[in-house]
Structure formats: structure tokens, C-alpha cells
Amino acid sequence: MLKPAFLELKHLHKQYAKREVLQGVEFSIPAGSCYALVGPNGAGKSTTIRAIQGLTPLDGGEIRMDGQALSTLGAAGRARIGVVPQMDNLDPDFTVEENLWTYGRYFRLPKTRIRQRSAELLDFMALSSYARQPISALSGGMQRRLTIARALINAPQLLLLDEPTTGLDPQARHLIWQRLRDLRRQGTTLLLTTHYMDEAERLADQVGIIDQGRILAQDTPRGLIESHIPGEVLELRRLDGSIPDPENWHQQQVALSERVGDTLICYGQNLQQVMAHFIHNPDYRWLQRPASLEDVFLRLTGRNLREDGH
Amino acid sequence: MSWQDAIPNPGALAVVQRNFGVWRKLLLPSMFGNFGDPLLYLLALGYGLGHFVGHMDGMPYITFIASGIVASSVMNTASFEGLYSAFTRMSAQHTYAAMLATPLRVSDILAGEVLWAAIKGLISAVAIIIVASFFGAIQGPWVWLSIPVILLSGLSFGSLALVITAMARSYDFFMYYFTLAVTPMFLFCGVFYPLHSLPAFARDIAQVLPLTHAVALLRPLLTGQLPRHVPYHLGVLLLYTVIPYLIAWRLLVRRLLR
């Protein structure tokens with residue numbers, strides 16, 4: 001059964017000088033589900049998040065939350081949204097709990113409610129024992145957890161997370177994922193941007209792949225993989241660095257393949273033949289694995305480096 | 001973004017409260033500066049220079065200079081807060097970005113910053129008034145009336161500073177404002193000597209500067225007299241509050257909402 005959309009983005013356009021950063025971005029998120037926007041640097045992920053917050057005036061399109069246009073809701077809309085920004089902007093002059101109290105006041109929440117909610121959130125994010133510590137005493141992962149706790153102070157219906165786990169160690173990432181899944185179960189609608197495919201695969205009900213301001217594909221993580229990558233993946237790496245399989249022998253066996261430097265990547269249902277051919281060749285190292293979202297992502301957005309973005 | 005969005009909501013008070021919370025943590029060094037600096041000025045200029053000057057405008061020089069220092073300290077404190085401190089919050093700490101993810105709007109942040117700059121100005125002014133009254137340099141029944149004047153002056157210097165902050169790319173930019181605006185006002189707006197000792201053209205220039213009007217109101221109030229031309233002086237200070245506020249709002253909207 002299809003749940004009604006809680007957040008709807010319709011044909012968003014945004015231009016900076018001559019550069020079009022959003023070119024018709026369109027997707028919707030059902031209430032209580034998680035949508036991951038994945039894309040290379042400069043693809044338009046952060047601009048989309050800013051637009052939902054009303055911080056980026058759009059050149060076209062509309063954003064609706066719970067059936068109402070966000071542009072008419074204004075500040076009242078933001079009262080129902082929580083934001084985890086890409087860059088931590090905790091208040092360095094305050095302790096952990098003071099950060100939450102101060103933030104609660106920006107929402108004009110009553111003091112008793114702020115105190116109660118802060119204590120709950122510190123517990124939820126496993127930070128209770130650090131309540132009176134200064135921000136400088138926290139590790140990167142703890143600061144991120146506090147930023148997430150802060151974004152929840154107003155019990156938001158929609159939580160926006162811009163690259164929530166970039167730069168964190170695996171332990172910190174897993175804890176955060178666990179908590180985000182808890183929130184989703186409690187009915188919070190989540191929108192996150194990431195360039196970690198495993199993060200999108202683990203968290204999202206729907207994934208949208210965005211590049212150059214356009215959504216290239218969207219589906220469930222499984223659906224995306226199944227419709228773009230046929231079957232399994234075999235990576236053949238030539239140890240001496242020269243071109244793998246120069247005679248293109250593999251092309252008789254597999255329908256889809258690509259060469260990336262010293263590596264030949266074959267996609268298909270039946271890769272046994274190719275493997276049998278190369279497995280005893282000492283010039284090659286091989287890796288067989290199931291197809292992942294990263295394969296879809298790289299096929300759709302290409303392998304060029306994106307270093308102009310921010 | 002319509003001009004109605006320039007009118008702040010009560011949310012601005014949460015911004016003031018945040019800044020107050022940080023200030024309270026640094027209370028000791030802050031208060032030390034608030035009391036220590038004017039004491040040095042009063043001793044050096046009031047007693048040191050005053051010994052040679054004697055009386056000025058019919059009052060002992062230390063009395064003359066005390067009210068001037070109150071006014072210039074409001075300017076300095078509010079300007080510093082609106083420049084360096086506000087820029088740090090906006091640029092280095094990304095506090096404004098964090099605030100804009102809440103129902104706070106640009107006008108709430110700006111109004112909170114301007115009001116806080118005025119409150120800091122008032123705190124420093126009150127410290128000087130306390131110190132100077134021990135020297136008998138502040139007196140009379142109208143001292144309490146100086147508080148709204150100090151607040152209004154602080155609002156105008158705070159608004160002006162935030163215009164500069166909204167345009168600044170780095171801290172270095174503030175040197176222009178200090179050298180071209182703050183220091184000339186400090187020296188030519190009646191803090192150290194009465195305006196009538198200036199040549200006519202300089203007097204005219206001084207009339208368009210806000211500090212002149214702050215001094216014109218504060219000096220009588222702090223020395224037991226009622227000021228003259230009150231609506232005129234208050235009107236200029238009010239203009240210097242409202243117009244820079246609107247300009248700063250416009251610039252900040254353009255800077256923060258891209």
C-alpha cells in the first residue's frame with residue numbers, strides 16, 4: 001500500500017550565475033520512510049537540503065510538506081523540521097547540555113520541555129555521561145551524535161541529514177545508523193544525503209541518484225541494483241598494471257563490462273566461464289562479489305573525479 | 001523576501017539569551033576590562049591631563065571627560081561586539097547557520113545581535129558610571145535617564161557595525177571601519193573637548209555622526225543638567241539605528257540565503 005507523501009519536491013530549479021545546480025529535481029518521501037539522495041560532490045545534494053529548509057530561494061519548482069507549500073509555511077515549517085548539517089556547528093562556548101538548551105530556545109519551547117527532552121536525547125544518543133562536558137572534550141563521532149540530538153530537540157516530523165557520517169569511524173557510523181533506524185520506526189520521515197553507498201543501502205527505503213542537478217534514477221536499493229546491474233560482479237586486476245584481457249576474450253562470455261585502469265569489471269549472471277579462464281593465470285588477481293549500489297552509482301555517474309564541488 | 005520579513009519576532013530574544021549565556025561564562029575577564037579600562041582613562045586623562053586643563057565648559061575636566069568616555073565606550077563596545085564577535089559567530093562558528101535551521105529568521109538573528117551589542121554597551125557604560133561616580137565625576141538627578149539614551153546609542157552603533165560585518169570577508173576588513181569611522185568619531189565628536197572649539201566645517205561634519213548626538217545627550221544627563229534639542233538628537237540616533245538595520249538585513253539576507 002502506498003503511504004501518502006510527507007515531503008514532495010516538484011521540479012526544483014536553481015541557478016548560480018550561469019551554473020544550473022538543480023535542473024528539475026523531483027522526488028517524494030512517504031511519511032515515516034527514509035530517502036537517501038546519493039551523488040558525487042557538487043551534484044546538488046546540499047542545495048536540495050538547503051532549499052527544503054527555505055535557505056535557498058528557488059528559481060523554479062515547489063516543495064510541499066504534509067500537503068502544504070513550504071514557501072507559505074516559512075518559519076512555521078522549520079519548527080517541524082530537524083537539520084543535521086554537513087559541517088558541525090555546535091556552540092563551542094557551551095557544554096553538551098547547554099547546546100541542547102540553547103537550541104531548544106530557538107524553537108521557543110518551554111523550559112521544562114527543553115530540559116526533559118534534552119535528557120532523553122542525551123540518553124538516546126549515548127551522551128548522558130558527557131552532559132556537563134565542553135564540546136572540545138567530545139570526539140568527532142560524539143559531536144556528530146550531539147548534532148543529531150540537537151536536531152531532534154523539537155521532535156521533528158522530518159529530519160534532514162546532510163552527509164551525517166562523513167569522516168567517522170565504523171563504530172560511530174553503526175551507532176548512528178542504529179539510531180536513525182529507531183527514529184524511522186518511531187515515524188520520523190528521514191531524508192539523508194551521502195556518498196557512502198553502503199549507508200544508503202542500509203538505511204534507505206528509496207534511493208535517488210543525483211548528478212548535475214538531476215535525479216538519474218530512483219528506486220529501492222535492491223530495485224536499483226537489479227535494474228542496472230545484471231547479476232554478479234567479477235573484478236579482474238592485472239598485477240603488472242597493463243591492460244587486462246587485451247584480446248577481449250571476456251566479451252564472448254559477458255554482456256556488460258568495463259575497464260578501469262588495471263581492472264576489468266564484468267557484470268552478469270554467469271561469470272564462471274570468465275573466472276575459469278583467468279583463475280590460474282598468475283598475472284591476475286580476481287574478486288567475485290554481489291552487485292552493490294556503488295556499481296549502479298558508478299555506472300550512472302561515471303568515474304570522473306569531481307573536485308570542483310564543495 | 002519582503003520588507004515585512006525585516007521586522008523581528010520575539011525569537012530574537014533567544015539570540016540575546018545565547019550571547020548572554022556565553023558572556024556570563026567569561027564574566028570575570030569581561031568585567032575586569034569593563035571596570036579596569038575606564039579607571040585607567042579617568043586617572044590618565046581626568047587627573048593627568050585634567051591637571052593642566054583645569055576646567056572645560058564650566059566643569060572640572062574629569063567631569064567633562066567622564067561623560068565623554070561613557071559615550072565613546074558605548075560606541076567601542078557595541079562596535080566591537082557587532083564586528084569581531086558577530087563575525088566570529090557568523091563565519092568561524094557557523095552559529096547563524098545553526099540558528100537558521102530553526103524557526104529563527106535573518107531578522108531575528110540581526111535584531112538579537114544588535115540588541116545584544118546595545119546591552120554590552122550599556123554594561124560597559126554602567127561600569128564607567130560607577131567608577132566615575134567614586135571620583136565625583138558623575139552626579140545629578142538625571143543619571144538614570146541616561147540608560148535609555150545609552151541603549152539607543154548602542155543600538156545605532158550595533159546596527160552600523162552589523163552592516164560592516166554583513167559585507168566583511170575577513171577580520172582585516174574591520175580596520176577600514178575603525179580608521180574611517182570609529183576613531184574619527186572618538187576624536188572629533190566632543191568626547192575630549194567641546195564641539196564649539198572646532199572650525200565650522202568640522203562642526204558640520206560632526207553633526208552627521210552619531211557619537212556627537214550621544215555625547216550631546218549624555219554629558220548633561222550625567223552632570224546634573226537636562227540636555228537641549230532632545231528630539232533632534234534622539235531622532236538622529238533613531239535614524240542611525242533603523243537605516244543601518246535595514247541595510248544590514250538586506251545584506252545578510254543576500255549573504256545567508258543563497
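On average, how many beta carbons from a partner chain sit within 10 Å of the beta carbon of a residue in A:97-105? Partner-chain Cβ atoms within 10 Å, mean over residues of A:97-105: 4. Mean-square fluctuation check for chain B, GNM, Cα pairs under 10 Å: which of B:V53, B:V22, B:V74 is largest? Judging by the Gaussian network model, the answer is B:V22.
Across region A:253-262, coupling constants 3J(HN,Hα) worked out from phi with the 6.51/-1.76/1.60 Karplus curve, θ = phi - 60°, read 9, 10, 7, 10, 7, 8, 10, 10, x, 7 Hz, and Gly and Pro carry x.
Just want to confirm a number: the relative contact order over chain A, from Cα pairs under 8 angstrom separated by 6+ residues, in percent. Could you put the intermediate results ahead of the total?
On the way: 567 pairs, mean separation 66.1, N = 310.
This gives 21 percent for chain A.
Can you give the direction-averaged projected area of the convex hull of the alpha-carbon atoms in region A:184-310, in nm²? Averaging across all directions leaves 9.7 nm² for the Cα convex hull. Within region A:199-304, the trypsin sites (Lys or Arg not before Pro) that combine a DSSP coil assignment with at most 15 other C-beta atoms in a 10 angstrom radius are A:R303. Comparing mean-square fluctuations of A:A76, A:A151, A:A200 from a GNM of chain A with C-alpha springs under 10 Å, the top value falls on A:A76.
Computed from the Cβ-Cβ distance with R0 of 60 Å, the FRET efficiency linking A:T112 to B:H51 stands at 0.50. Mind checking which lysines have their Cα closer than 22 Å to the Cα of B:K120? Skip sequence neighbours fewer than 8 apart in that chain. Within the straight-line cut-off, B:K120 pairs with B:K25. Couplings for region A:210-216, taken from phi via the Karplus curve 6.51 cos²θ - 1.76 cosθ + 1.60 with θ = phi - 60°, read 10, 8, 6, x, 10, 7, 7 Hz in order; Gly and Pro are left as x. Between A:M87 and B:L239, the modelled labels are 3.9 nm apart [label points 7 Å from Cα along Cα→Cβ].
Grab the beta carbon distance between A:A126 and A:D198, set R0 = 30 Å, and tell me the FRET efficiency rounded to 0.05.
0.85
Evaluate peptide B:98-111: per residue, the Cβ atoms of other protein chains within 10 Å of its Cβ; return the mean as an integer.
Taking all residues of B:98-111 together, the mean is 6.
Taking amide H atoms as placed 1.01 Å from N in the peptide plane, the amide H of A:L216 lies under 5 Å from those of A:I209, A:I210, A:D211, each 5 or more residues away in sequence or on another chain. Relative to the dominant Cα principal axis of chain B, helix B:27-41 is inclined by about 30°. Each Cα pair under 8 Å and six or more residues apart adds its sequence gap; the mean of these over the residue count of chain B is a relative contact order of 26 percent.
Semi-axes of the equivalent ellipsoid for chain A, please: Cα gyration tensor eigenvalues, times 5, square-rooted, ordered largest first, whole Å. If you can, show how the numbers build up before the last one.
On the way: eigenvalues 335, 107, 58 Å².
They are 41, 23, 17 Å, listed from largest to smallest.
Scalar couplings 3J(HN,Hα) for region A:68-81, obtained by applying the Karplus form with A = 6.51, B = -1.76, C = 1.60 to θ = phi - 60°, are 10, 5, 5, 5, 8, 6, x, 4, 5, x, 5, 5, 9, 10 Hz; x denotes Gly and Pro.
Please report, to one decimal in angstroms, the Kirkwood hydrodynamic radius of the protein assembly as shown built from all distinct Cα-Cα pairs. Each step should come with its number before you reach the end.
Details: mean 1/r = 0.0365 Å⁻¹.
After inverting the pairwise mean of 1/r, the radius is 27.4 Å.
Dividing the convex hull volume of the alpha carbon atoms of chain B by its residue count gives 131 Å³ per residue.
What ranking do A:250-256, B:225-231 get when scored by the average of other Cβ atoms within 10 Å per residue, highest first? Kindly include the intermediate steps, with their values, before the conclusion.
Values: A:250-256: 14.7, B:225-231: 12.6.
In decreasing order of mean packing, A:250-256, B:225-231 become A:250-256, B:225-231.
Roughly speaking, what % of Cα-Cα pairs in region A:99-192 are separated by over 24 Å, rounded to a whole number?
On the way: 706 of 4371 pairs.
Of the Cα pairs, 16 percent sit more than 24 Å apart.
Read-outs throughout are calculated quantities, based only on the coordinates presented, and are distinct from any laboratory measurement. These numbers come from a predicted model, not from an experiment. Backbone-built Cβ (ideal geometry, glycine too); neighbour counts: all protein chains shown.
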